[in-house]
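First up is the structure itself, then whatever we jot down about it.
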Amino acid sequence: MFPYLKEAGKANFQDRYVTKANELLISWDGKHCSSIGLIGAPLSKSSISHSGAAFAPQAIRQALSFYSTYSIESGMDLADVTVTDYGDIVMHPTDIAASQRRIAETIEQVVALQPESMWIVLGGDHSITCPVVSGWQKQKGTIGIIQFDAHHDLRNLEDGGPTNGTPFRRLIEAGIVDGSRLVQIGLRDFANSRAYTEYGKQCGVTMYTIEEVYCLSIQTIIEKSMQMLSGVDAVYVSVDMDVLDQAFAPGCPAIGPGGMDSRTLLHAISLLARYDKVQAMDIVEIDPTIDFRQMTSRIAASVILQFLKGKKERV
Ligand code: CA
């Protein structure tokens, strides 16, 4: 009736030949699930530094609208891919441990609903990885983890409890992942302490510093890591955005120089996603309230697209 009116919030311009990446997300209707599920775990009260990472799931979903579904590098279009969006897990307003239990329980429930699906979990701070993996692993058997991170996240629990500095220690100590099946990629100088490097080594954790990423090449590291994890039933990829140099990821609470460039991270994700065993991924540690021009959320959206691309290339 009114040709120049549009729904509030809808894009001003639409090109009939372009599918926007946010159109791939279809809200869960309570019945139907696709082969890829996405869910938000908006918890950041567990962060040891100031963090608004609880706002990241929505910021990342929104950042998908900056992209099309067409990959010029592979010649592939993701327009026929459907990602079931389960929404966000409701956090307890004051009780961090209760929030983490809600995450573990909900992830276990949704994964049980569709055990064959690939899962993308949007944090939140890095503490969410412990409950997410705990819930996910119940359907998977023996698992391996590939962690992109500037930090070990193997801190002791006595000083602060289940913070974003402890998820991998908690997973190892709970026996959910064996230390020898955890690979840490992108560890940075002056961002860790000797005690935690030693602890990781004692547990058999494989560690690649950022220096090694550039000396060996990310492709070699991914191939070696997946070779090492060939005996596990499923591999979980955890992407702490602070693995990136501060120039690429200004929206991370723990920014620092000398980190990974965004192209290397995106390449790593597309390589990993091609492996059948890689069945879940989280993206954590983005605080949209301190981000600049949504730069960090845009990389997260791009990480999702590279994951989808890798999964589609596989078949
Ligand atoms: Ca981390």
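Can you tell which of 74, 65, 134, 127 is out of contact with any strand residue (DSSP E or B) (no Cβ under 7 Å at 6 or more places or on another chain), more than 16 Å from the ligand (Cβ to nearest atom) and part of a helix (DSSP H, G or I)?
Values: 74 fails: part of a helix (DSSP H, G or I); 65 fails: out of contact with any strand residue (DSSP E or B) (no Cβ under 7 Å at 6 or more places or on another chain); 127 fails: more than 16 Å from the ligand (Cβ to nearest atom).
Every option except 134 fails the conditions.
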message = Considering only residues that are crowded, with 23+ Cβ neighbours inside 10 Å, over 21 Å from residue 285 (Cβ atoms) and among the aliphatic types (A, V, I, L, M), which ones fall in region 111-156?
response = 111, 143
Single condition residue 299 does not satisfy, out of (1) within 15 Å of the ligand (Cβ to nearest atom); (2) within 16 Å of the chain's Cα centre (by Cα); (3) not polar (S, T, N, Q) = (1)
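Being in contact with a strand residue (DSSP E or B) (Cβ under 8 Å, 6 or more places away or on another chain), away from the ligand (no atom under 16 Å from the Cβ) and without any contact (Cβ under 8 Å) to a residue 40 or more places away in the chain is the requirement here; does residue 201 meet it? Show your work before the answer.
On the way: in contact with a strand residue (DSSP E or B) (Cβ under 8 Å, 6 or more places away or on another chain): yes; away from the ligand (no atom under 16 Å from the Cβ): yes; without any contact (Cβ under 8 Å) to a residue 40 or more places away in the chain: yes.
Judged against the criteria, residue 201 is a match.
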query = When region 207-251 is examined, which residues are found to be more than 16 Å from the ligand (Cβ to nearest atom) and part of a strand (DSSP E or B)?
reply = 234, 235
query = Taking residue 239, is it in contact (Cβ under 8 Å) with a residue 60 or more places away in the chain, farther than 12 Å from residue 146 by Cα and not charged (D, E, K, R)?
reply = no
query = Only one of (1) within 16 Å of the ligand (Cβ to nearest atom); (2) within 20 Å of the chain's Cα centre (by Cα); (3) outside any strand (DSSP E or B) fails for residue 196. Which number is that?
reply = (2)
inquiry  = Given (1) part of a loop (DSSP other than H, G, I, E, B); (2) among the polar types (S, T, N, Q); (3) within 19 Å of the chain's Cα centre (by Cα), identify the lone condition not met by residue 22.
reply    = (1)
query = For residue 156, which of the numbered conditions (1) within 15 Å of the ligand (Cβ to nearest atom); (2) part of a loop (DSSP other than H, G, I, E, B) fails to hold?
reply = (1)
ask   = When region 259-291 is examined, which residues are found to be surrounded by fewer than 17 Cβ atoms within 10 Å (Cβ to Cβ) and within 16 Å of the ligand (Cβ to nearest atom)?
value = none
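Every number here is computed from the coordinates shown, using simple stated rules; none is lab data. Computed from a predicted model, the values in this text were never measured in an experiment. Don't worry about glycine lacking a Cβ; one is built from the backbone with ideal geometry, like all the others, and counts go over all protein chains shown.
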